[in-house]
Amino acid sequence: MPAIVLVGAQWGDEGKGKATDLLGDRVDYVVKFNGGNNAGHTVVVGDEKYALHLLPSGILSPGVVPIIANGVVVDIAVLFEELDALAARGVDVSRLRVSANAHVITHYHRTLDKVTERFLGKRQIGTTGRGIGPTYADKINRVGIRIQDLFDENILRQKIEGALHQKNHLLVKIYNRRAITVDEIMDDLLQYVERLRPMVDDTALVLHRALDEGKTVLFEAGQATMLDVDHGTYPFVTSSSATSGGAATGSGVAPNRFERVIGVVKAYTTRVGAGPFPTELFDESGDFLREHGGEFGTTTGRPRRCGWYDAPIARYSARINGVTDFVLTKLDVLTGLETIPVCVAYEVDGERVDEMPVSQSDFHHAKPIYEEFPGWSEDITGARSFEDLPKNAQDYVIALERMSGSRISAIGVGPGRDAIVVRHDLID
Ligand code: GDP
Ligand code: IMO
Ligand code: MG
């Protein structure tokens, strides 16, 4: 099995970190291809809990080569903080390779992220404030700073001057902030150069060689399909390609090398930040999911918005990503509910709509049409085979599988590494 992509099928925080960790010891390389330290992946190994942001979760598996590919935006201070924190806990981080083409998040990107949000007022997106959007904007605008620019002081200075020329006008005249100097940014970035140098590589070439040698490479998406800049609920999205197509452009590995696409989907739905969310709950059911699921952000600590499972979204994600296998997570969180509603379609202006509406405005006021499933009260956290699950839990999974456009190959029944029911091997 050469290249496998793992993506979020909803609005993020589906448990991609845990799913990656599950595959970790059978994978040789793990690649982060989009986003930056806006991601927050929690991985629980025994009594140890790890929170990863910029690094791919696969770094926790001994022997794996972690790669930060060209599609990522890198906050270098965060990179070294995360590496140091992991190393202090005994994780071997020495194999990390970083693409020379990845873009760099600077102080002015973080500042612009925050001031733009404040300026948007009621229309704000609720970004993580990590400078993600402004850094990708500069990349597309061709005024970004790449990792390789750090190794040529003249080029770096010219590029920062060019970028700041424009941005200081914005910061001072529109946002009433102080101007940022070229030297501040230069000093900030140059302090990392010597430490960074040995990690930097042509990661596309590294991956081609690995695949040619028959190695297994896992591409781990940050964010999720509904937050993808093209396929998500624009403008309430992140600024990168979080879907499986992004794994190709974000890494330089051609589409025909990918053989499997794993979609990670929660047994209910959550969302952080603003934007449409048809199955969102504002009553005690929402509180139940938030409390039982521990739905508070790994990156910002914000309470996550919670709602029921949305089958049209799962089907949409299955199509956009070419999902071959779903990993259904957090089934245990539903334990204790008498009935579990699942959104099977929407009502838009009195009409039934079975798939994601074409118009975003329709999606904003789409009302979920629910089908109800009987719940279960038995503790399922110890289940290790499908047969261990109560009949109603089995039926719930089978119903979701029927509605969601791909098979459900693994089911999460708790946060721990071994709290999983595997129905079909994810790597064979
Ligand atoms: P990611 O961003 O997709 O990697 O997901 P997060 O780590 O942000 O959020 C998922 C949370 O759910 C983490 O705290 C995980 O430890 C936890 N988790 C993952 N799978 C399961 C599961 O099957 N059951 C329960 N109870 N928790 C899970
Ligand atoms: P993981 O990888 C959930 C959301 C933010 C905001 C929008 C844009 O842990 O699933 P950004 O800072 O990216 O410009 O914010 O996207 N967002 C996430 N929500 N999980 C994430 O990552 C997210 N990364 C960004 O809350 O609504
Ligand atoms: Mg997360």
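Miscellaneous remarks
- Beta carbons closer than 8 Å, at least 6 apart along the sequence or on distinct chains, pair a first residue in segment 161-188 that is in the same structural domain as Phe119 (by TED's automatic domain parsing) and free of Cβ contacts under 8 Å to residues at least 60 places away in the same chain with a second that is exposed (fewer than 14 other Cβ atoms within 10 Å of the Cβ) and assigned to a helix (DSSP H, G or I) for Ile174/Phe119; Arg178/Val172; Ala179/Val172; Val182/Glu161; Met186/Glu153.
- The residue that is surrounded by the most Cβ atoms within 10 Å (Cβ to Cβ), counting only those in segment 331-358 that are among the hydroxyl-bearing types (Ser, Thr, Tyr) and touching a strand residue (DSSP E or B) at 6+ places or on another chain (Cβ under 9 Å), is Tyr346.
- Leading residue by the ranking (farthest from ligand 3 (Cβ to nearest atom)) among those in segment 27-43 that are among the polar types (S, T, N, Q) and in a loop (DSSP other than H, G, I, E, B): Asn34
- Filter pass, Val265 being buried (at least 24 other Cβ atoms within 10 Å of the Cβ), within 16 Å of ligand 3 (Cβ to nearest atom) and either of a type in the set (A, V, I, L, M) or assigned by TED's automatic domain parsing to the domain that holds Ser404 (or both): yes
- Residue match in segment 137-146 (condition: part of a loop (DSSP other than H, G, I, E, B), in contact with a strand residue (DSSP E or B) (Cβ under 8 Å, 6 or more places away or on another chain) and within 29 Å of Gly24 (Cβ to Cβ)): no
- Test: Phe219 is surrounded by 24 or more Cβ atoms within 10 Å (Cβ to Cβ) and either under 29 Å from Ala410 (Cβ atoms) or among the polar types (S, T, N, Q) (or both): yes
- On the stretch given as segment 36-62, residues that are in contact with a Gly (Cβ under 9 Å, 6 or more places away or on another chain), more than 16 Å from ligand 2 (Cβ to nearest atom) and not β-branched (Val, Ile, Thr) total 3.
- Members of segment 295-337 found to be over 15 Å from Ala267 (Cα atoms), away from ligand 2 (no atom under 13 Å from the Cβ) and basic (Lys, Arg), listed by number: Arg319
The values are calculated or read from the model by the stated rules, or taken from the named source; none is laboratory data. A quick note: this is a predicted structure, and the numbers were derived from the prediction, not measured. Note that each Cβ is placed from the backbone with ideal geometry, even for glycine, and that neighbours are counted across all protein chains shown.
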